[in-house]
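J.: Before anything else, here's the structure in question.
The values are calculated or read from the model by the stated rules, or taken from the named source; none is laboratory data. These numbers come from a predicted model, not from an experiment. Glycine gets a Cβ as well: all are built from the backbone with ideal geometry, and neighbour counts include every protein chain shown. The protein model used for the area step is the full one, side chains on, heavy atoms only, and it has no ligands, DNA or RNA in it. Shrake-Rupley method; radii C 1.70, N 1.55, O 1.52, S 1.80 Å.
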Amino acid sequence: VQLQAFGGGLVQAGGSLRLSCAASGRASSSLTVAWFRQAPGKEREFVAGLIWSGISTAYADSVKGRGTVSRDNAKNTVFLQMDSLKPEDAAVYYCAAARFSAIGRRGEEYPYWGQGTEVTVSS
């Protein structure tokens, strides 16, 4: 499985951004895909995830109500829509994938990773 994340950029606090994670390789419908982020000097943290086939989703408390994870089967792409962005949302965002039927919140559970895409939030 190859993953490519993109869509990061500079946004003002209160604004919105949509990140994309394009998957290629073996059937994406068997994947769980998650978004993680890592800010400078901080540990990597789980943001959101979904089970591709079951439309089940999960969110970190820090983004609940502001983040929406979704997928487009035709494009083999998972999206993370982030609204009401805060300066503390600034980080490098990564998408990751694994072949299991649960949404893990630890990075160690995901063997496939895309490159990061940087989100900067100006206050």
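J.: Please go through the stretch 57-71 and pick out each residue that is touching a Gly at 6+ places or on another chain (Cβ under 8 Å) and open to solvent by 60 Å² or more (accessible area, probe 1.4 Å).
T.: Thr57
J.: Return the residues of the stretch 69-92 that are among the aliphatic types (A, V, I, L, M), touching a residue at least 40 places away in the same chain (Cβ under 8 Å) and more than 17 Å from Gln38 (Cα to Cα); say none if nothing qualifies. Working first, answer last.
T.: Here is the first cut: in the stretch 69-92, the residues among the aliphatic types (A, V, I, L, M) are 69, 74, 78, 80, 82, 85, 90-92.
Pick out the ones that are also touching a residue at least 40 places away in the same chain (Cβ under 8 Å) and you get 78, 80, 82, 85, 90-92.
Hit for the stretch 69-92 is Val78, nothing else.
J.: Could you grab the pairs with beta carbons closer than 7 Å, sequence gap of 6+ or different chains, first residue in the stretch 101-121 and of a type in the set (Val, Ile, Thr), second one part of a loop (DSSP other than H, G, I, E, B) and surrounded by 15 or more Cβ atoms within 10 Å (Cβ to Cβ)?
T.: Qualifying pairs under 7 Å: Thr117/Gly7; Thr117/Gly8; Val119/Gly8; Val119/Ala90; Thr120/Ala90; Val121/Leu85; Val121/Ala90.
J.: Same structure again: State all residues of the stretch 110-123 that are open to solvent by 20 Å² or more (accessible area, probe 1.4 Å) and within 18 Å of Arg26 (Cβ to Cβ); if no residue qualifies, say none.
T.: Residues satisfying the conditions are Pro111, Tyr112, Trp113.
J.: As an exercise: evaluate Val78 against (1) touching a Lys or Arg at 6+ places or on another chain (Cβ under 9 Å); (2) farther than 17 Å from Gln2 by Cβ; (3) not small (Gly, Ala, Ser) and give the number of the one condition it does not meet.
T.: (2)
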